[in-house]
1. Tell me, what does the Kirkwood hydrodynamic radius of the range 142-300 come to in angstroms if you use every pair of distinct C-alpha atoms?
2. Please arrange Lys297, Lys337, Lys94 by counting, for each residue, the other beta carbons lying within 10 Å of its beta carbon, fewest first.
3. With a 10 Å radius around each residue's Cβ, average the other Cβ atoms per peptide and rank 160-166, 178-184, 10-16, highest first.
4. Give the Cα extents of the range 317-363 along the principal axes, in whole Å, largest first.
5. Express the Stokes-Einstein translational diffusion coefficient of the range 177-231 in µm² s⁻¹, to the nearest whole number, given a Kirkwood radius over alpha-carbon pairs, 37 °C and a viscosity of 0.692 mPa s.
6. Can you give the calculated 222 nm mean residue ellipticity of the chain, where each DSSP H run of n ≥ 4 adds -39,500 (n - 2.57) and the sum is split over every residue, rounded to the nearest 500 deg cm²/dmol?
7. The range 48-102: D in µm²/s via Stokes-Einstein (Kirkwood Rh, Cα pairs, 4 °C, 1.567 mPa s)?
8. Please list, in chain and number order, the residues 5+ apart from Trp43 or on another chain whose amide H is under 5 Å from its amide H, with Hs placed from the backbone.
Amino acid sequence: MPQASFVLKEPKATEDTLVYLLYHFNSTKLKYSTSQKIHPKNWNPEKQRAKELRSFPEYSHFNFMLDKLETAVNTAYRKLLLEDYTPTPDLLRKAVDEALNKRENTKEFIPFMEQVLEASDRKPVTKKSIRVSIQVLKDYKEHTRKPLYFDTIDLDFHNSFIDYLTKVRNLKQLTIGNHVKNIKVFIREAFERGLTKNNSFQSRKFKSPYEEAQTIYLTEEEISRIYALDLSGAPKLERIRDLFVVGCYTGLRFSDLIQLNIESINQERQVIKVKTQKTDELVIIPIKGMVKEIIAKYEGQLPRSIDNTVMNNYLKEIGQRAGIEEAFERVSTKGGKRVREVFQKSELITVHTARRSFATNAYLQNVPSISIMKITGHKTEKSFLKYIRISQEDNANKLINHPFFS
């Protein structure tokens, strides 16, 4: 039996927060933004309506709007059944939009992006990226003084937008590509909801500029130097170093690394078992020497983690202390021009360096690609080979011992 409920986006907020409609049906649900905001102190979670308070005189109209939406979604659901459709969240969302005459209100592209983003369950880091793209779009709109409707997100817009990001904003190719990719996600969403017939985003010319990121990995010798550091006088750095080294020999993403606990570690079999957050797949990883020592050091567990960004800053200091000073040249396209930058390798160490180092070092030690991919989660060897970082010298050293060159 379909059931509608209303919940606050942030029940513990200290300011007005959005109200969502949750409509459960056929073992699935529709999450729909009501576009209505209310302070949690004025909300009755049991009745799922605004409290009838003198301090909130709008309660009557507010509750009327929620009643209207609940009626609309129930009517839309029954209508789909009567027309022999199998209701899905997307079909139901479209039907509710039409019932509330929202179609005209979503012709403008930027408000649509904001509305969909607000109602989505995307990860915080993804939402942050999209919000940046939305702000860049607003800046572009102000710069060009052109409206941005669904039907104007075409190849002319694509060329003009990239030109603006390149010449006016002086952005890197990778950053430009990310903004275009985000825009394509939302114009495709509008197209699939039947809000526009504009399918320019499907053209091969409507592409996201791409440039392969130039990132580092640490050799096993460099990881050993980091592990050998005496950090007993800096307990925080010591914990961060130890957690990083575990990452270098497990290949786990930071989100998976920080969820490891004593139940994840099978001391008898000497393996770590974890269900990854991104793919929801079980990964089993043998425990290497340094990792064994770290687990023993923390009495069968791993050191507690800190914020990703803060950890990145400390890792650079650890790299400097370990003398990871090799020069690394990074070439990128910025403002339409090739830019060369030279860094000390320690300046580029991040949490993710551990995972890339694991994959690269395992490959250089002739661990089969398919076995490494089982741990890293790469689906194709092509994407895996793009991920690892092997220099021409590394490649030559690997080939020297190959039978073909013997």
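1. Its Kirkwood hydrodynamic radius stands at 20.1 Å.
2. Ascending Cβ contact count within 10 Å gives the list Lys337, Lys297, Lys94.
3. Working: 160-166: 18.0, 178-184: 20.6, 10-16: 10.6.
The densest-packed peptide leads the list: 178-184, 160-166, 10-16.
4. 35, 26, 16
5. The calculation lands on 220 µm²/s.
6. -14000 deg cm²/dmol
7. On the way: Rh = 12.5 Å.
Using the Kirkwood radius from Cα pairs, D works out to 104 µm²/s.
8. Those qualifying (amide H under 5 Å, at least 5 residues apart or on another chain) are Lys51.
Since every read-out is calculated from the coordinates, none of them should be taken as a lab result. Nothing here was measured: the structure is a model prediction, and the numbers come from that model. When we count neighbours, we look across all protein chains shown, and the Cβ atoms used for this are built from the backbone with ideal geometry, even at glycine.
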